[in-house]
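Worksheet: the structure to be examined is printed underneath.
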Amino acid sequence: MTSFFLLGLALIAQAPKAPPTPDSQSFESRRYGLAARIPAEWKVADRERDDRVFVAVVPQPGFGAPGVAACELALAPESLDDYRTRIDKNAKRDDGRDRKLVVNRIVKDPRGDRLETMWESHPDSGGFWRDVRIRMVANRQLYQFVLIVEDSAYAKARPAFDAMIAATQFTPPDTGADLLAKAENRWLQREYKFAIDLPEGWGPVLAPSSVALLFADGPPHGIWSDNLLVLAHDRRGPDLAQVVKELPEQLRREEPGCEILSCKLVPRGKKRDGALETVVRTKRGPFSMTVIEWRFRGERFDYEVKFTVESERFDRLVPGFRKSFESFRELPGAVPATRGRKAA
């Protein structure tokens, strides 16, 4: 069931301690902005990896194979009802062949609305499984709590799961960025010491992958948020004149069916061919997306800065994206190595 869970599905002061509950262990992540009390018998098997805040193993002595409890982090939707509607549509499309949607409702919570969803299934491996998902929005992030257990463990595990969520406290996650200038919406990546002006209404959020030096998003539209990703790698690659010849075919291999709208050298600052601009249209699930990316060589690293936006908004937003590209600056100070980070 662990693999099923993984397939199912982005720093202030020290996070406050969650109030103690009987037979529980403390779990705290300042990076992900969460403090919780996890039942003592649920062994934490993984923590703070990409979009997973934690993964715990739930013992099921009456069944044999263990269940899973977890918390995942994602970008916040425009509203939880957008998520609820999407889940209902997907359930009707799948027609309950593999699993059945039995609960999908918005529940009022003192900390704000939460979305409760539960699926039931009878997999070929045996048993009657319940998959519970509780989604809550805090600090521009979506927290998804997951419980996947067999029916023999559900009566005991569900109250413990609900108590864990009730005791959880949230603080702003550590995005690695600090606001430098409010008027320009200029942000500093504090570890790698570069600054960039973000479009109006945009702000840093926790990156979905450890390779990202900076991740930011714009105002959500339904369940989707336009986003910015900054990557870096060591200055050992070919020059831009060579990359512009090879990149289109590379992109077609990596994402068959993508439409390359543009791939050309453009001025950056005083350099006439200071950046390689690529514009690609592709699909992200049901969405038509357009990605505009600048690749350029800095004093320390080679950078990739890319905006991903729903295609219908691209023409309106692209002037602001190019303004952000131009604003990118490396600032003085010592920085770490890229630690194997590569452009992707």
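No lab work stands behind these numbers, since they all come straight from the coordinates. Owing to the predicted nature of the structure, the values given are computational and were not obtained by experimental measurement. Please note: Cβ atoms are built from the backbone with ideal geometry, for glycine as well, and neighbour counts cover all protein chains shown.
Points to keep in mind about this one:
- As a proxy for reagent exposure, ranking 221, 122 by other Cβ atoms within 10 Å from fewest up yields 122, 221.
- Across the range 275-291, coupling constants 3J(HN,Hα) worked out from phi with the 6.51/-1.76/1.60 Karplus curve, θ = phi - 60°, read 8, 9, 9, 10, 10, 10, 9, 8, 10, 10, x, x, 9, 8, 10, 10, 10 Hz, and Gly and Pro carry x.
- Cα-based Kirkwood hydrodynamic radius, the range 177-330, one decimal, Å: 16.0
- Theoretical ellipticity at 222 nm over the chain - DSSP helices of four or more residues, -39500 (n - 2.57) apiece, nearest 500: -6500 deg cm²/dmol
- Kirkwood Rh, angstrom, the range 2-170 [1 / mean 1/r, Cα pairs]: 16.5
- Shown for the range 177-330: lysine pairs separated by 8 or more places, or found on different chains, whose C-alpha atoms are under 28 Å apart, numbering 25.
- Structural descriptor for the range 177-330: relative contact order 20 percent, calculated from alpha carbon pairs under 8 angstrom and at least 6 residues apart.
- Take 304-310, 62-68 and order them by the average number of nearby Cβ atoms within 10 Å per residue, most first; the result is 304-310, 62-68.
- All-pairs Cα distance distribution in the chain, expressed in whole percent, bin size 10 Å: 5, 22, 29, 23, 15, 5, 0
- Per-residue Cβ neighbour counts within 10 Å put 262, 209 in the sequence 262, 209, beginning with the fewest.
- As a rough footprinting exposure proxy, the listed residues 165, 292 were ranked by other beta carbons within 10 Å of their own, and the order from fewest upward is 165, 292.
- Peptides 47-56, 147-156 ranked from most to least packed by the mean count of surrounding Cβ atoms within 10 Å: 147-156, 47-56.
- Amide H contacts for residue 103 (H built 1.01 Å from N in the peptide plane; partners 5 or more residues away or on another chain; cut-off under 5 Å): 118.
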